[in-house]
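None of the figures in this text is laboratory data; all of them are computed from the coordinates on show. Everything quoted here is computed from the prediction, not taken from an experiment. Ideal geometry is used to build each Cβ from the backbone, glycine not excepted, and the neighbour counts take in all protein chains shown.
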Amino acid sequence: MTLAVRQMLYQQSVVNKINGTVADAAHVGYLDANKTALEVRGTITQQDPVGYYKFSFRKGDSVKLATNNNRGTRVQLYDQSGSRLLADSGGTNSTLKAAYAKLKSSEGLKLKNTNYVLKVTYDVGTSKSRGLNFDVTLTSGDTFTAKYKTLASADTIQNQLMSGQSTGYNISATLGTLLTSQSDGSSTSITNVFDYFA
């Protein structure tokens, strides 16, 4: 007799912050062995090349990571502060690459029950001239009954300017560049946004 397990899906949408840090990481859920799965689907772009996603590992001994359509991306697992790298899909450190291989294995990577951060960015040598989609899923144990999906979109300088958020850029110069690129081409040397409206 086979017992069918009903899986419930919960979904949220987040926007990565340009020039974001670990402190800006979107919380993607709570990971419990044989209970929950956490999926993050998103895009990285030239303007927004890094995404940070934190999760709470509450129950279980090991964490497993599955990836789909991640060609050209680099996935790293950090402690909750973002100061200690635990596993890395790229780079040259053989210990971190071995930890990543364990994370991707059917056994998973042994971790303590606490908070962690996933960082997704362009892999070394990958051109940043086009956006890349990624899809990662975290599980613990052999099954799950609830799946939490996070749809992460890349932010743009234009969206940050329109919302009044700081992007780490000179807002006047950035907006001037944007307006010049959107103009009919008659004005090509805007150095101050206020010159555009003069």
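With contacts taken as Cα pairs under 8 Å and at least 6 residues apart, segment 85-130 reaches a relative contact order of 26 percent. Would you mind giving the average projected area, over all directions, of the Cα convex hull of segment 8-153 in nm² with one decimal? Convex hull of Cα atoms, orientation-averaged projection: 7.8 nm². Which pairs in the list LYS35/LYS97; LYS97/LYS147; LYS64/LYS112 are over 24 Å apart, alpha-carbon to alpha-carbon? From the list (LYS35/LYS97; LYS97/LYS147; LYS64/LYS112), the Cα-Cα distance tops 24 Å for LYS35/LYS97; LYS97/LYS147.
Here r is the Cβ-Cβ distance between ALA98 and VAL124 and R0 is 25 Å; the resulting FRET efficiency, rounded to 0.05, is 0.90. Annotation: amide H of THR145 within the under-5 Å range of LYS35, THR36, sequence separation 5 or more or interchain, hydrogens built in the peptide plane.
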